[in-house]
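J.: The structure that follows is given in the form of structure tokens.
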Amino acid sequence: MRPHQLKAFITVAQTRHFTRAAEQLGMSQPSLSKQIQALEAELGASLFTRQGGQVHLTDIGATLLPHAKRIVSAADDALSDVNNHLALAKGRLRVGATPTICSWLIPPLLALYHESWPGIQISLTETGSSDLTEHLVRGDVEIALTAHPHHHQAAAGIDSQPLLHETLVIAHTADHPPLTAQACIGLGQLTDQPFVLPGAGYDLRTLTLEACQKSGFTPQIAVDGGHTDTIVDLVATGVGVALLPAMTATQDPRIRTTPLAPPGAVRTIALERAADTPTTKAARAFEETLQKYLTRRHAYGKIPSGLHLV
């Protein structure tokens, strides 16, 4: 039994007239009769009898009618849900981002997205870039905003679109010699300074260790592990110094920053997705909203300190 046959059956049952039912359905009477005949042939029973110019339900027809209505209603609901989803009236989007990106970009971006597509439920995963790449590969998230060392090569099976370059600085307390007295400092001058490192899976950890190694030393580690907010708190209490994004470090009045001497340290913020997974309409709308937001912020000079559009 096909939904269009059941709909034809319901219309004839309600109008009790083949001609009026055909007009209501926008088809010819012969076409309508063929649909009813095909349904009767499939069931092996007559659905209508004709009396005095009108049609009446047989016992089999009366038994079928409530079931037909439920089937047609369910089919209509399913089609409506699909159309609503395609039109972004409802649905779900799974987004991932690093903590530092979540701190400044995600709140206004999702507010703008929700303003345009209020029916889309957003699931947000906040973790390090390496973990986000694994989430993309497994299909746990559809889109990820990641941060990696400059010139980082995307993992196999991942499409990566660079968005911003972000300058990193040394974060420290306001009275921390020798940092407070210099306009900039080389990492090689910090061999005797204790460092606070983010936990495994965070790009800042990898970038800090690699930058120190390129400067010829392995950093002394005061605290190993923690989220960005914890790193900032530890720096503010004088536990150690940390390599942080300029935008993140300058937001906290308890700490000071010193730029790194050339070549410095830069990371790239990128939009990433699984290469072999079709992009949903909700995900495409998110990407478009992100690009418009960054372009607008750049045009008005409101990109945070240390960030530059690619």
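J.: For the pair Val310/Phe217, report the inter-label distance in nm, with labels modelled 7 Å from Cα in the Cβ direction.
T.: 3.3 nm
J.: Right, another one. Could you list, bin by bin from short to long, the percent of Cα-Cα pairs of the chain in 20 Å steps?
T.: Taking every Cα pair in the chain, the percentages come to 27, 34, 18, 15, 6, 0.
J.: Over the heavy atoms of Glu40, what accessible area does a 1.4 Å probe trace out, to the nearest 10 Å²?
T.: Ignoring ligands and nucleic acids, Glu40 comes out at about 40 Å².
J.: Also, quick follow-up: Between Ala174 and Met27, with labels modelled 7 Å along Cα→Cβ, what's the label distance in nm to one decimal, could you check?
T.: For Ala174 paired with Met27, the spin-label model returns 8.0 nm.
J.: Next question, about the same structure. Rank these by accessible area, largest first, 1.4 Å probe: Cys102, Cys184.
T.: Most to least solvent-accessible, the answer reads Cys184, Cys102.
J.: Turning to a different aspect of this structure: For region 111-262, compute Rh as the Kirkwood radius over C-alpha pairs and then the Stokes-Einstein diffusion coefficient at 4 °C and 1.567 mPa s; write the answer in µm²/s, rounded to an integer.
T.: 76 µm²/s
J.: Still on this structure, please answer the following. Between Ala261, Val12, Gln51, whose Cα lies farthest towards the positive end of the dipole of the chain when Lys and Arg beta carbons carry +1 and Asp and Glu beta carbons carry -1, centred on the Cα centre?
T.: Gln51
J.: Rounding to the nearest 20 debye, state how big the charge dipole of the chain is about its Cα centre with +1 on each Lys and Arg Cβ and -1 on each Asp and Glu Cβ.
T.: Once rounded to the nearest 20, the dipole reads 1220 debye.
J.: Please determine, in degrees from 0 to 90 and to the nearest 10, the orientation of helix 281-299 with respect to the longest principal axis defined by the Cα atoms of the chain, where the helix direction is its Cα long axis.
T.: Relative to the chain, helix 281-299 is tipped by roughly 40 degrees.
J.: Work out the length of the dipole vector of region 48-99 about its Cα centre, built from +1 on the beta-carbon of each Lys and Arg and -1 on the beta-carbon of each Asp and Glu, and round it to the nearest 20 debye.
T.: 160 debye
J.: Please name whichever of Gly91, Ser73, Ile60 sits farthest to the positive end of the charge dipole of region 59-101, dipole taken about the Cα centre and charges placed at Cβ: Lys and Arg +1, Asp and Glu -1.
T.: Of the options given, the answer is Gly91.
J.: What aspartates and glutamates could a cross-link reach from Lys7, if we take a straight Cα to Cα line under 20 Å and drop same-chain neighbours fewer than 8 places away?
T.: The qualifying aspartates and glutamates are Glu23, Glu40, Glu42, Asp59, Asp76, Asp77, Asp81.
J.: Given R₀ = 45 Å, FRET efficiency for Glu115-Gln51 by Cβ-Cβ distance, to 0.05?
T.: The pair Glu115/Gln51 has a calculated efficiency of 0.15.
J.: Along the Cα→Cβ direction, 7 angstrom out, place labels at Trp104 and Ala154. What is the inter-label distance in nm?
T.: 2.4 nm
J.: Take every Cα-Cα pair in region 83-132 and report what % of them are more than 15 Å apart.
T.: The calculated P(r) of region 83-132 puts 49 percent of pairs beyond 15 Å.
J.: To continue, here is another question. Place a +1 charge on the Cβ of each Lys and Arg in region 1-160 and a -1 charge on the Cβ of each Asp and Glu, then give the dipole magnitude about the Cα centre in debye, rounded to the nearest 20.
T.: 860 debye
J.: Taking a point 7 angstrom from the Cα of Thr191 along the C-beta vector, which residues in region 217-233 have backbone N less than 14 Å away?
T.: 217-220
J.: Need one value: the accessible area of Ile221 in square angstrom, 1.4 angstrom probe, rounded to the nearest 10.
T.: Near enough 80 Å² of accessible area.
J.: Compare the Cα positions of Val169, Thr133, Leu179 along the charge dipole of region 82-186 (+1 at Cβ of Lys, Arg; -1 at Cβ of Asp, Glu; about the Cα centre) and return the one farthest towards the positive end.
T.: Value computed over the given set: Thr133.
The values are calculated or read from the model by the stated rules, or taken from the named source; none is laboratory data. Everything quoted here is computed from the prediction, not taken from an experiment. All Cβ positions, glycine included, derive from the backbone under ideal geometry; neighbour counts span all protein chains shown. These area figures cover heavy atoms from the full protein model, side chains too; ligands, DNA and RNA do not enter into them. Shrake-Rupley method; radii C 1.70, N 1.55, O 1.52, S 1.80 Å.
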